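The values are calculated or read from the model by the stated rules, or taken from the named source; none is laboratory data. Owing to the predicted nature of the structure, the values given are computational and were not obtained by experimental measurement. Every residue, glycine among them, receives a Cβ derived from its backbone with ideal geometry; neighbour counts consider all protein chains shown.
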């Protein structure tokens with residue numbers, strides 16, 4: 001029987017976690033946020049309110065909507081705050097070992113019927129679910145970034161995921177105003193299986209001197225009508241996340257076409273992670289982004 005979800009826990013309040021909390025609260029669900037970094041957690045509510053106010057300017061939300069939604073959101077310093085949640089969504093860093101440890105710890109503090117969903121963009125749902133005491137109640141729920149503006153949610157069953165679990169979380173995605181699409185449990189699912197190799201190839205194009213950062217991004221925006229060039233998009237996603245997904249593809253599918261570009265590796269080693277670090281393929285220190293190559 002499908003579970004009636006009223007309260008949702010969210011692990012991680014980075015770009016994705018905040019966005020997921022935003023859409024859940026606006027849709028009328030009670031939300032509990034937690035993060036390992038107390039300072040980040042403290043500023044999360046202000047960040048969510050700021051993002052909501054942007055939508056007011058575009059007539060997507062009213063001031064009353066924001067006031068009501070913010071009342072739905074609370075924070076907790078640990079997973080004990082999730083004891084009344086019917087669903088917990090993990091939106092932590094794209095690192096398999098970190099996620100596995102989160103799930104082991106989480107299961108000690110939540111009820112036996114609580115469903116766990118992961119927002120992983122690439123890692124095996126079956127493998128992550130096996131780290132829990134409830135692989136049947138474990139499912140992939142991959143939101144797109146930025147969550148409030150992107151309609152898609154990839155829904156991924158692990159080999160052990162119960163049909164009721166899948167049905168419940170798919171229905172939730174619809175209630176959040178999203179369009180769920182089923183993806184099978186293969187490395188990087190659908191969107192990133194297609195998108196990240198394109199970005200990686202754009203980085204190879206830069207690495208091999210075929211075009212500059214600006215030339216590559218301009219060519220793809222004008223030549224294929226993409227709203228953002230691939231290198232600009234890589235900076236937006238985070239170069240560490242791009243590299244992590246390419247490693248998952250390369251390791252999981254054992255095909256050399258998924259080998260991460262050495263330049264991408266070098267940028268990540270330098271700490272040039274894109275927008276979130278202030279520098280990637282563009283430098284964001286000034287009023288306008290400036291290409292770094």
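Worth a mention:
- Count of residues meeting criterion [part of a loop (DSSP other than H, G, I, E, B) and either free of Cβ contacts under 8 Å to residues at least 40 places away in the same chain or more than 11 Å from the chain's Cα centre (by Cα) (or both)] in segment 86-102: 2
- Candidate set from segment 103-116 (those that are in a helix (DSSP H, G or I) and free of Cβ contacts under 8 Å to residues at least 60 places away in the same chain); member that is surrounded by the most Cβ atoms within 10 Å (Cβ to Cβ): 103
- Residue 171 being over 17 Å from the mean Cα position of the chain (by Cα), modelled with pLDDT of 95 or more and in the same structural domain as residue 143 (by TED's automatic domain parsing): yes
- Within the set 258, 284, the sole residue that is out of contact with any strand residue (DSSP E or B) (no Cβ under 6 Å at 6 or more places or on another chain) and under 19 Å from residue 198 (Cβ atoms) turns out to be 258.
Here's the yes/no breakdown for (1) assigned by TED's automatic domain parsing to the domain that holds residue 111; (2) surrounded by fewer than 16 Cβ atoms within 10 Å (Cβ to Cβ); (3) within 26 Å of residue 241 (Cα to Cα); (4) modelled with pLDDT under 90:
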position: 41; (1), (2), (3), (4): yes, no, yes, yes
position: 55; (1), (2), (3), (4): yes, no, no, yes
position: 77; (1), (2), (3), (4): yes, yes, yes, yes
position: 80; (1), (2), (3), (4): yes, yes, no, no
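- Residue within segment 240-250 that is in contact with a strand residue (DSSP E or B) (Cβ under 7 Å, 6 or more places away or on another chain) and either within 22 Å of residue 122 (Cα to Cα) or without any contact (Cβ under 8 Å) to a residue 24 or more places away in the chain (or both) present: no
- Being surrounded by 22 or more Cβ atoms within 10 Å (Cβ to Cβ), under 25 Å from residue 15 (Cα atoms) and either in contact with a strand residue (DSSP E or B) (Cβ under 6 Å, 6 or more places away or on another chain) or modelled with pLDDT under 95 (or both) is not true of residue 274.
- Top-ranked residue of segment 150-165 - restricted to ones that are out of contact with any helix residue (DSSP H, G or I) (no Cβ under 6 Å at 6 or more places or on another chain), free of Cβ contacts under 8 Å to residues at least 60 places away in the same chain and not in a loop (DSSP other than H, G, I, E, B), ranked as nearest to residue 122 (Cα to Cα): 154
- Flag for residue 248 being buried (at least 18 other Cβ atoms within 10 Å of the Cβ), closer than 30 Å to residue 135 by Cβ and not assigned by TED's automatic domain parsing to the domain that holds residue 158: yes
- Sole residue being outside any helix (DSSP H, G or I), at pLDDT 95 or above and assigned by TED's automatic domain parsing to the domain that holds residue 263, chosen from 228, 198: 228
- Flag if residue 168 is surrounded by 15 or more Cβ atoms within 10 Å (Cβ to Cβ) and touching a residue at least 60 places away in the same chain (Cβ under 8 Å): yes
- One residue stands out among those in segment 192-236 that are buried (at least 17 other Cβ atoms within 10 Å of the Cβ) and under 23 Å from residue 139 (Cα atoms): the one that is nearest to the chain's Cα centre (by Cα), which is 192.
- Flag for residue 236 being in contact with a strand residue (DSSP E or B) (Cβ under 8 Å, 6 or more places away or on another chain), closer than 28 Å to residue 20 by Cα and assigned to a loop (DSSP other than H, G, I, E, B): no
- The set of residues in segment 11-41 that are free of Cβ contacts under 8 Å to residues at least 24 places away in the same chain and either over 16 Å from residue 93 (Cα atoms) or in a helix (DSSP H, G or I) (or both) contains only 39.
- Screening the candidates 140, 129 for the property of being under 12 Å from the mean Cα position of the chain (by Cα), touching a residue at least 12 places away in the same chain (Cβ under 8 Å) and buried (at least 23 other Cβ atoms within 10 Å of the Cβ) yields one hit, 140.
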